[in-house]
C-alpha cells in the first residue's frame, strides 16, 4: 500500500520478477502441457539465475532444447515430479545415470495434488495406483470396499505460469488448451509469477477470470511470442489414399462422397479447389499459430 493505493504486481521483466525470490533447493511448480502453455519467458529467466538443486513439479519436462528441457541442459534440476517424460532424451539419460531423481505421478493424481495444495488440503485418498509401484510406501485405506492410497497435496515454494490475458492485479485468463495445468500450478505456489501475452490496461471482467489475482504475486509480459510445436506431423493428400474406405472422407466403391455434388456445383460456378497435396496459406497460418 502506498498512500492508500494498491501497488501493481507488474514487473518490467522476467529477470526482475525472479531476481529476489529464487534460491537453490526450491520446489517450483510449472504450468504447461508438452510445449503448450509453458511459461517460456520465465523458464529462460530461471535458467539465467543459475539456481540449482531444484525440484520441478510439472506434467512433463518439455523437449530437448525447449521448455523445461533447458534446465536439464544446465544441470539445475535435482528432482522431478511428473506424469509424462517420453519426449526428452536428456531427461532419460540423467534418470538412467542416477543424476536425476524422478517421482512418477499419474496425471489425474498430479492435478489433484496441486489443486489440494492450493486449497489447503494436506492429503487425500485415491484408488489410482493401488497395487502398482506408485503405491509403495504410502498409507492405504478401504472406503466402501475399495482400496485407496494416501496422496499428499503439493505446495511449491514458487509457481511459474502462462496466461493469455492478465491485469495489474494478477487476474488471469487462459486460452483454449494452453490452460491445461496452469491454473493448478498458480494455486499451489506460495509465490506465483505469471507471464501474460496481453496485459489489460483495466481490470478483467470478474465473470471471465480463470485464476483470481489472490493466487498471483507478480506479472510480466511474454518476451518471446513464439509458440513452438512439440510434434509437427504433416502428410500430403495423395499419401493418405492407402488408408482405406473406412477412414474419414472415404466411401464405398460407386458411392459419391458426401458433399461431392456441392463441390461440383462450386466448380461450375468458377470456384477453384485446392490442388491435391497443397496447403493453403490460411491453413498454414493456423498451424503456425
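The values are calculated or read from the model by the stated rules, or taken from the named source; none is laboratory data. Keep in mind that this is a model prediction, so the values were computed, not measured. Cβ sites come from the backbone with ideal geometry, for glycine too, and all protein chains shown count toward neighbours.
Is it the case that residue 71 is touching a residue at least 12 places away in the same chain (Cβ under 8 Å), more than 24 Å from residue 173 (Cβ to Cβ), in contact with a strand residue (DSSP E or B) (Cβ under 7 Å, 6 or more places away or on another chain) and not in a strand (DSSP E or B)? Walk me through how you get there before you give the answer.
Values: touching a residue at least 12 places away in the same chain (Cβ under 8 Å): yes; more than 24 Å from residue 173 (Cβ to Cβ): yes; in contact with a strand residue (DSSP E or B) (Cβ under 7 Å, 6 or more places away or on another chain): yes; not in a strand (DSSP E or B): yes.
Yes: the conditions hold for residue 71.
If a residue has to be assigned to a loop (DSSP other than H, G, I, E, B) and touching a helix residue (DSSP H, G or I) at 6+ places or on another chain (Cβ under 6 Å) to count, how many in the range 112-132 make the cut? Working first, answer last.
Pass one, the range 112-132, residues assigned to a loop (DSSP other than H, G, I, E, B): 119-122, 127-132.
From the residues that got through so far, the ones that are touching a helix residue (DSSP H, G or I) at 6+ places or on another chain (Cβ under 6 Å) too are 128-129.
Residues meeting the conditions: 2.
Which of the following residues is modelled with pLDDT of 95 or more and either buried (at least 19 other Cβ atoms within 10 Å of the Cβ) or touching a helix residue (DSSP H, G or I) at 6+ places or on another chain (Cβ under 9 Å) (or both): 85, 77, 63? Walk me through how you get there before you give the answer.
Values: 85 fails: modelled with pLDDT of 95 or more; 63 fails: modelled with pLDDT of 95 or more.
From the options 85, 77, 63, the qualifying one is 77.
Return yes or no: is residue 78 farther than 29 Å from residue 141 by Cα, under 21 Å from the mean Cα position of the chain (by Cα) and part of a strand (DSSP E or B)? Give the steps one after another, and end with the answer.
Working: farther than 29 Å from residue 141 by Cα: yes; under 21 Å from the mean Cα position of the chain (by Cα): yes; part of a strand (DSSP E or B): yes.
So residue 78 fits the description; yes.
Taking strands (runs of 3 or more DSSP E) that fall entirely within the range 133-215, which contain at least 3 residues that are surrounded by 13 or more Cβ atoms within 10 Å (Cβ to Cβ)?
Details: elements: 140-143, 146-152, 156-166, 189-199.
Once the strands (runs of 3 or more DSSP E) in the range 133-215 are filtered for at least 3 residues that are surrounded by 13 or more Cβ atoms within 10 Å (Cβ to Cβ), what remains is 146-152, 156-166, 189-199.
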